[in-house]
Amino acid sequence: MDQTVAVAGEQLAFAGADRLVKLIGALYQRPRAGDRPRDLQDDGEWRPGYHRERAGRRGLPMVCLVGDAREGVLEELGSRLQNAKPAGTVRSVYLSLADRPDTDAPGEATGASVEAVRDILWRVRNTLVRSARTRESRLRFRLFTLVDQLMAKKFPDDETEPEHILLRELQENGLLVRFRSAIDSVSRELVPQHPAWRFPLLLLRLLTLGTFRLAVTGRVPGLSGRYRWFLRQPHLAPEMSGSFVRFALRLTDGEWQKESPEFVARLLVNAFLEDLRREYRLRPWQFWRRRRMTYPVLLLDEVGPANGGYRLLELINDVRNQVGLFDPLLVVSASQAPPPDAAPSEDRPKYHAADAAGAYRVWQNRLSADRRARRPTAWYLPIGLDTPQTEGEKTEVRKRMLALGEHYDLAGGRGRSAWWTTRWIRAGVPAVVLALVAGFAIVRYQSFLDSHCGTSSEWLTRVGDQCVGISDGTFTLFSPVDKEGTIQQVEAVIADQNRRAAELHQQHPERPYITLVDLEALTSSNGTAEGLTAERESLEGFAVAQSRQLDATAAAEPIVRMLIANGGKGMHQGAQVAQMLLEMAKQDPSIVGVVGLDMSSEPTSDTIRALGDAGIPVVAATLTADRLADQNPIYFQVAPQNRREAAVAAAFAAQQPGPRALRVYYSDDDTDFYSTNLRDDVLKSFQDKGFTVEARAFDPDGGPVGRTAHGRYGDRTVGNAGAAGRDSCSYNGFAFFAGRGVPDFGAFLAGAAQCGSTATIIGDDDVSRYVADSVARERNRALPYYYLALASAPATATKGLARDFYTTLNAKFNFERTDKGRSFDGHAALSYDAALVMITATAYLRETSSKVPVTPGAVWREIAAIHTSRPDANQTNKYIEGVSGTIDYGGDISRHVPQDKPLAVLRVQNGEVEEELQGFCGKAVVRAPDPWCPADG
């Protein structure tokens, strides 16, 4: 800092240097809103309450530094402005006129005066335009540049059509000529091949020419642009010309010399200042441009009466008085003597740098009266610079500069624009207004489209950011869809097969024609397309079942049409979709049942209840909660119940080495009774096997959280799923995850991996959803774990229906055939079996009598009859050998779950599913059950 001050002392070694620096630093910073000035305190800080100031006091003074101590002052200020912090926030121009030729003279303006002012302004313009260090958008001087170009244009003495030539040159310099060039390029490439385009391109060319001719008149608001300004400015009597082209001719070389030099110079200055005004004015279409928070600073050193400096200051004063508009330019000049108009007088006493702030306040208070009187002194603020005479005075200057600190660095950009002037507000408010206007104009039609997912289908509705309802495959209900387009491929197959089914029904009306609805939660729970892998594979299973029926030929085999329904995230809109299905079934009697469903939760239970009230039977593919099959007479499932899953898990764990201890982690969500139901079943089954058991609750990701009961199993909440995983780190035993595979199991596994959990992790059947997502599965490779699958692995499908199923599945959806093979989640197989139950029930109905109408109630009755409860080889309604195992409802009308339905235990090691089954229980053709399997109760 001492070194900085020492250097500064060489340039700013005058009394009051700190006050002057503060004044300059305060003046170039723009107010938060508008351009009204604020009061300046003696310490150089702005006073609050500037919004109460009068508009007549608005403006930036021309600070004239006078005295022997001026040498190097402006150069030092220019250096500080260029290096202001933050970098690139200030535009400044330092221009010394010391070496400029003496071409001007005091008194009335001459042509030499015009040339001198023109040259100075052009150099200032170039410096501002080429300011590469600034972070703001570049300044453009369109008006001043055009005036300069016109003044440099000279026509030969024998030229007869200068107006025509000037008009053509103006056109070539404009935007319209570039548009015309594009038309010519398109014409050369398009017209030879397509002659019909000749006439439209000709119309465009004529329109381009006509638009320019209208613009160049200078009389069309908006269209005329800069040309219109020249015909409205107060210099050189533009009304004498009539049009801009004729006015422009008066500015060409050889013609402007015939005008009054005073007013030609004023036009130059006013054009320059108007360019700055426009650059600092935010127009509606510039809503995204940042508001400039600093004014450009022009530092004119060694101004004098002969080098054009005094003339330029005088012209700026006159133009400001005449035009009456604010221009964002801070001019600071330095000279031995004050400009003649700024000389001290009785009305304008001499001020020194030590009282810079006071001088500014006096100037500001007099500005309104001076402007009204058009005084030539109105905009001058002369400040004397006195060199300290004694060592004491010099020491005092150094102390003040040292104390100046940050202000001495002229830090820029410290002020922020008012919140209502930010580009977000300027962009947002018009956007909202336009949206409201547009919405009002098309409210009735757009409202219907918006509420029906952008379609005209009455079976689709928008709920929040998701689309729920029913589709035939031509509209994507999955949200979001994957980048690879596999979801769309599956839907496209369904849509194509629906078309084929309709054609086949027309060709064979004797065969039953039924519609099955796959109702699932097609809105991803974790917000990614990978979170819908299980739902996509379920739809693939239904597609294979539909394809099988398209290839069937027997008269009793039904032709199947498939509909896809989205019950929303977490099935929360399932009951609403059920009501849609009821209305649809009234119009379409082919609808006989619903398959699929998702999550054993309260919303799913409400959906099943609503479907039951509508008389539509349901066959669920993956639901396992005990209460669903126990309480809903019209509901069936192809998966075993939680109590069966818990018994198999306990029996499997009993075969493994290690401590006989179990800790169950379940979701603390009152609406997700799957997790609490499985917790109770697992704790009971393991306790019956002699295990010591306890339970831990965790908060689900995004689910409504209930209150955990501290019951006899020591239940307590451990935090989120990741915290639950970390809780297993110090546990020596089995850690059973009884929550949702997506999104909670991944977090649980990651938490357990953080501390290298030694617990033996067993996941429930819902973990298969997590396993199906290969990206998420391979992200956690640190820990091995087991999980329970509701279907046999594809590797075991070596014969019969299972082999045919996977062969067809791979043929229809070849993206499933990867180097690592198909996922081991079994959702496709379970969905196929759920559809097979409905198809088989319809076939059994028609085998009994071809005249029996196929209705939802009739199909429901035949589902209960799918069993082999007596040794009768000729029995029609025998059990089904499905891909996921034998489906036999046992002949008990109150039973809605297959007997001895298979369950497999699989293992994931290093993020990959091992092909060999770790355990298998249930009745199936592919494999006999393991000897330790429990009996199906």
Surrounding net charge for residue 102, when Lys and Arg each add one and Asp and Glu each subtract one, Cβ distance under 14 Å: -3
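Which of the peptides 911-917, 514-520 is most tightly packed, and how do the rest follow, going by the mean number of other Cβ atoms within 10 Å of each residue?
Result, highest mean Cβ count within 10 Å first: 514-520, 911-917.
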Tensor-based shape of region 516-586 (alpha-carbon gyration tensor, a/c under 1.5 rounded, otherwise prolate or oblate): oblate
Computed lengthening from residue 446 to residue 366, 0.36 nm per intervening residue step minus Cα-Cα distance: 22.8 nm
Simple label model, 7 Å out from Cα along Cβ direction - residue 588 to residue 429, nm: 5.0
Stretch gain in nm, segment residue 848-residue 508, where the contour uses 0.36 nm per residue and the Cα spacing is subtracted: 120.5 nm
Within straight-line cross-link reach of residue 851, aspartates and glutamates at Cα separation under 13 Å, skipping those fewer than 8 residues along the same chain: 510
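May I ask you to compute the full-extension gain from residue 122 to residue 779, defined as 0.36 nm times their residue separation minus their alpha-carbon distance, rounded to one decimal in nm?
230.2 nm
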Sorted by Cβ neighbour density within 10 Å, fewest at the top, the residues 58, 348, 627: 627, 58, 348
Residue exposure sequence - 121, 203 - by fewest surrounding Cβ within 10 Å: 203, 121
Surrounding net charge for residue 238, when Lys and Arg each add one and Asp and Glu each subtract one, Cβ distance under 15 Å: +3
Cα Rg, Dmax (largest Cα-Cα span) when computed across region 581-685, Å: 16.9, 61
Simple label model, 7 Å out from Cα along Cβ direction - residue 723 to residue 33, nm: 4.5
P(r) histogram, all alpha-carbon pairs of region 227-273 included - 10 Å bins from 0, percent: 28, 63, 9
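In what order do 933, 64 fall by count of nearby beta-carbon atoms within 10 Å, going from fewest to most?
Arranged by neighbour count, lowest to highest, 933, 64 become 933, 64.
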Region 250-365, relative contact order [Cα under 8 Å, separation at least 6], %: 28
Within region 224-244, backbone nitrogen closer than 15 Å to the virtual label 7 Å beyond the Cα of residue 285 toward Cβ: 224-228
Kirkwood hydrodynamic radius over Cα pairs of region 251-328, then Stokes diffusion coefficient at 37 °C and 0.692 mPa s, in µm²/s: 224
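Only the coordinates and a few stated rules stand behind these numbers; no lab work does. Being a predicted model, the structure only gives us computed values, none of them experimental. Every residue, glycine as well, gets a Cβ built from its backbone with ideal geometry; the counts of neighbours run over all protein chains shown.
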